[in-house]
1. Short version: what are the Cα gyration tensor semi-axes of region 26-173, square root of 5 times each eigenvalue, largest first, in whole Å?
2. Assuming a viscosity of 1.002 mPa s and a temperature of 20 °C, what translational diffusion coefficient in µm² per second does Stokes-Einstein assign to region 155-383, Rh being the Kirkwood radius over Cα pairs?
3. Defining a contact as two alpha carbons under 8 Å apart and six or more residues distant in sequence, what relative contact order in percent does region 155-383 show?
4. Could you tally the net charge around Arg62, taking each other residue with its Cβ under 12 Å from the Cβ of Arg62, Lys/Arg +1 and Asp/Glu -1?
5. Would you pull out the residues with amide H under 5 Å of Phe131's amide H, same chain only if 5 or more places away, H placed 1.01 Å from N?
6. In terms of the ratio Rg/(2.2 N^0.38 Å) built on C-alpha atoms, what value belongs to the chain?
7. For region 286-294, just list the computed ³J(HN,Hα) in residue order, Karplus coefficients 6.51, -1.76 and 1.60, θ = phi - 60°, integers in Hz, with x standing in for Gly and Pro.
8. Please list, in order along region 230-239, the HN-Hα scalar couplings obtained from phi with the Karplus expression 6.51 cos²θ - 1.76 cosθ + 1.60 (θ = phi - 60°), rounded to whole Hz, x for Gly and Pro.
Amino acid sequence: MTRIGRIWRATFVVAMALTTVSVWPGSAYARQETICLTGTLTYTRPDAEAGTALPMVTSPARNANWALYGTAHPGFFDRPLAADLTDRDGKFTACADGVAGSDLYLSFIAESSALWQVLPQRGDTEQPYAFTVPAKTVTGTRDLGTVAVPDEMAGAWKVLDTLNLLWWKRPAAAGDCWTPQTRCTGISVIWPSPGGRNGNSYFTTAGFIYLTEDDANTRHVTLHEAGHNLQWLWQHEQWPDVSNCNPHYINLASSPSCAFTEGFADAVAMYALDDYRFVWSSGFSANLENDAATRNWDIGDSVEGRVATSLVDLWHGPDQGWDGTLAIFGKTVPDNFHDYFYNDRPTENLSTTGQAATIIHNHTADQSSPNGAAGPQPIDESARNKPLGPPDNDPGVKVEPRHQWKSAHRHWTLRPPHPRPAP
Ligand SMILES: [Zn+2]
């Protein structure tokens, strides 16, 4: 045997010995025991949907990522011992083998699989909100009971939880992503929005939703902005030319392009929440049901509320869901409601006559408003109807270049979110 051969052989024997020593009798059984941490993740935030009293409501954080780490066995490159999502009731069961008696900690991250996340700021790396819960000398199963998201972060988990409502509405064709496209892009929300942009929430084609501190309290606003994000994803990250949209109001004429994109976003919120409302962060809400006789509403397809209710009625009625409308976005970028209805719907075998025609006629969306021509229009404010809701309205989608992450945050949970609970 050569000298090198002997050294190699000696090293091998030492390694074998260490392996044997590490599994001595007595501790082997305890170390192999499966230990588990269980509990329910909840968040407490004002509930704008419940009215202007804004009651503080505690809700389960559903489909929220968690990861289990051990302080004595931190894992390889910080890889967790286990990682998964809370279930449809906010419950978690975090188990690991071979770490009985260790100090462990559970990390809760404001993300759902790698499909949506809430970040405190826009940076070069995805850094979702996170907090940890320690557990000393764990053996067997330890029930942590209710784990409350810290107050200052609760809005992030409310937004995260609200996006389940949109996820559960996506067409089957989208599979385990937001769209059927190969690139499985997630939805990223920045909360609270650092100001600017009229101090309002908005979506930017950089690929972010900016939500104000208070807008986390209204699921309608969260879903409105997510509706913009969803349309952009289905349109292969393209956005139409939109004019005269800052500000825009649900019941007033803006422009055909603004009314279509904003009306779609209003419709997404109503469709996901199964109502006909818009709810502002103050808890003030408006019923958007309308017809030609509705007072204080402008007429025509330049009015986003007219477009929104037309879309929701089409989805609940002749279209039997919104899959066809999203499929249109997968093929083309409609200029406005007229383009969508008359030019694009036939390509997906969606009706433009009969019940469909009646719906849009009842909402006056089959005719253009006095300000209906495309492009910026001079609006005589003294002759206008009064805006619905507070004066601080959404300034529309901001068009800017796509953000490029320089380094990606590692999403340890990659299984798809749990499906919608049975009604
Ligand atoms: Zn909007």
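Nothing in this text is a laboratory measurement; each read-out follows from the coordinates by a stated rule. Note that the structure is a prediction, hence the values are computed from the model and not measured. Here the Cβ positions follow ideal geometry from the backbone for every residue, glycine too, while neighbour counts run over all protein chains shown.
1. Numbers: eigenvalues 188, 58, 42 Å².
They are 31, 17, 14 Å, listed from largest to smallest.
2. 122 µm²/s
3. 20 percent
4. On the way: positive: Arg88, Lys91, Lys158, Arg420; negative: Asp87, Asp89, Asp161.
Taking every other residue near Arg62 into account, the sum is +1.
5. Those qualifying (amide H under 5 Å, at least 5 residues apart or on another chain) are Phe108.
6. Details: Rg = 26.1 Å, N = 423, 2.2 N^0.38 = 21.9 Å.
For the chain, the normalised Cα radius of gyration comes out at 1.19.
7. For region 286-294, the Karplus-derived couplings read 10, 7, 8, 4, 7, 8, 4, 8, 4 Hz, x marking Gly and Pro.
8. 5, 4, 4, 5, 5, 7, 6, 6, 10, 9
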